[in-house]
Amino acid sequence: SGGYERDREGGSAMSNQDMPYEAIGDHSSKNGKGFLAAFCCPKNLGPAKACPGYLQIGPCMKGTNYNVVLVNMLVIMFGLAESIWTGTALAAFLYTLSQDSNTRVGIVEAAQGISGLVFALPVGYLADRWSRSKVIALGGVLSIVAAAFTGYAVYKGAEDEDKWRTHYNILLGTMCIWGITGGIVNGPTQALYADSTPQGTRSKYYQYLFIGWGLSSIAGPLVSILLFAVYGNEWTLQRLRTVILAGMAGELITGVMMFFFRDDAALDENDDDEE
């Protein structure tokens, strides 16, 4: 104590200046929980911190850490929703809505990336100093808010093209929010995932993660194709609206899932050693 920690292997003293940033101070709450995790999940996950049986997604996840299972479920839903409405469908909707302006499409698309870049450091700092699970839950709130306003702008924009500037500006604002939520999914969520996987088996769990992300990203465009096949292969605002609203439904589910994470399910060094 007193600014020093004993190195476990060499037995030498390590000062704060020599320690990695994450090891200095009480930078996050180990007991932080998402809104719904505090009410719906068991208070104690047990020594293994395993996910309850009713949340497991197949035999490969049996006895797996709570956060690991949840992140895999989140990534599948997030990848599916994002791949349905972003990209071609959104760009085509914006192009038609903004009177065939490629510049306005580019501005909206850039807003998402810029907001993600600008807020990356504040989000990371807040996750370190406060609670990763609570920051993820905050991302869930933002996701639900963004989905609601995006759905409104898309629905009304397809109905009343005379007020296209209003709906365009709403979409511009919501894309800034989507940039922040994407940064939370790819930042604090991934950090919590890494800390919840035992050393020596992380490559296996990251394979699960990438497979789920890849398959869901393939499934999204297939859903879009199916929707165009059912409702008509005409790239009008009304047809594109249907595809985007389907993506918003998935985003709402993603937002709710982000309320269930918990910091106390992360593994400490002793848990890793036991594994």
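The values are calculated or read from the model by the stated rules, or taken from the named source; none is laboratory data. It should be emphasised that the depicted structure is a prediction, and the values quoted were computed from it without experimental measurement. Cβ: placed from backbone, ideal geometry, glycine included. Neighbour counts: every protein chain shown. Surface areas here come from the heavy atoms of the whole protein model, side chains and all, with no ligands, DNA or RNA. Shrake-Rupley method; radii C 1.70, N 1.55, O 1.52, S 1.80 Å.
A count restricted to region 226-251 and to residues that are surrounded by fewer than 18 Cβ atoms within 10 Å (Cβ to Cβ) and either without any contact (Cβ under 8 Å) to a residue 12 or more places away in the chain or closer than 30 Å to residue 262 by Cα (or both) stands at 8.
Taking the criterion of being closer than 10 Å to residue 142 by Cα and open to solvent by less than 40 Å² (accessible area, probe 1.4 Å), the residues of region 167-178 that qualify are 174, 178. Taking region 131-147 as the range and being among the small types (Gly, Ala, Ser) and in a helix (DSSP H, G or I) as the test, the residues that pass are 133, 137, 139, 140, 143, 146, 147. The single condition from (1) open to solvent by 20 Å² or more (accessible area, probe 1.4 Å); (2) in contact (Cβ under 8 Å) with a residue 60 or more places away in the chain; (3) in contact with a helix residue (DSSP H, G or I) (Cβ under 9 Å, 6 or more places away or on another chain) that residue 64 fails is (1).
Specify which of the listed residues (180, 184) is more than 30 Å from residue 158 (Cα to Cα) and modelled with pLDDT of 95 or more. It would help to see each step written out before you state the result.
Details: 180 fails: more than 30 Å from residue 158 (Cα to Cα).
Going through 180, 184 in turn, just one is more than 30 Å from residue 158 (Cα to Cα) and modelled with pLDDT of 95 or more: 184.
When region 192-217 is examined, which residues are found to be touching a residue at least 60 places away in the same chain (Cβ under 8 Å) and open to solvent by 40 Å² or more (accessible area, probe 1.4 Å)? Residues satisfying the conditions are 195, 199, 200, 201, 208, 213, 215, 217. If you go through region 143-197 and pick out every residue that is polar (S, T, N, Q) and within 25 Å of residue 210 (Cβ to Cβ), you end up with 7. Could you please let me know if residue 99 is surrounded by fewer than 22 Cβ atoms within 10 Å (Cβ to Cβ), farther than 24 Å from residue 261 by Cβ and modelled with pLDDT under 95? Yes: the conditions hold for residue 99.
Residues that are assigned to a helix (DSSP H, G or I) and of a type in the set (D, E, K, R) were ranked within region 148-166; the one that is surrounded by the most Cβ atoms within 10 Å (Cβ to Cβ) is 156. Whether a residue is at pLDDT 95 or above, closer than 22 Å to residue 106 by Cα and assigned to a helix (DSSP H, G or I) was assessed, and residue 170 passes this test.
When residue 125 is tested against (1) at pLDDT below 95; (2) within 16 Å of the chain's Cα centre (by Cα), only condition (2) is not met. Cβ separations smaller than 8 Å between residues 6+ apart or across chains give the following pairs from region 77-101 residues that are among the acidic types (Asp, Glu) to residues that are open to solvent by 30 Å² or more (accessible area, probe 1.4 Å): 82/217. If you check residue 254 against the conditions, is it surrounded by 18 or more Cβ atoms within 10 Å (Cβ to Cβ) and hydroxyl-bearing (Ser, Thr, Tyr)? Spelling it out, residue 254 is indeed surrounded by 18 or more Cβ atoms within 10 Å (Cβ to Cβ) and hydroxyl-bearing (Ser, Thr, Tyr). Apart from one condition, residue 116 fits all of (1) over 14 Å from the mean Cα position of the chain (by Cα); (2) at pLDDT below 95; (3) in a helix (DSSP H, G or I); the exception is (1).
Would you call residue 223 in contact (Cβ under 8 Å) with a residue 40 or more places away in the chain, within 30 Å of residue 97 (Cβ to Cβ) and part of a helix (DSSP H, G or I)?
So residue 223 passes the test.
For region 106-145, the set of residues classified as free of Cβ contacts under 8 Å to residues at least 12 places away in the same chain and surrounded by 15 or more Cβ atoms within 10 Å (Cβ to Cβ) consists of 126 only.
Could you please find all residues in region 223-251 being of a type in the set (Gly, Ala, Ser) and within 23 Å of the chain's Cα centre (by Cα)?
So in region 223-251, the residues of a type in the set (Gly, Ala, Ser) come out as 224, 229, 232, 246-247, 249-250.
Of everything in region 223-251, those that are of a type in the set (Gly, Ala, Ser) and within 23 Å of the chain's Cα centre (by Cα) turn out to be 224, 246, 247, 249, 250.
Might you check whether a residue that is at pLDDT 90 or above and closer than 17 Å to residue 91 by Cα occurs anywhere in region 248-269? Among the residues of region 248-269, at least one is at pLDDT 90 or above and closer than 17 Å to residue 91 by Cα, which makes the answer yes.
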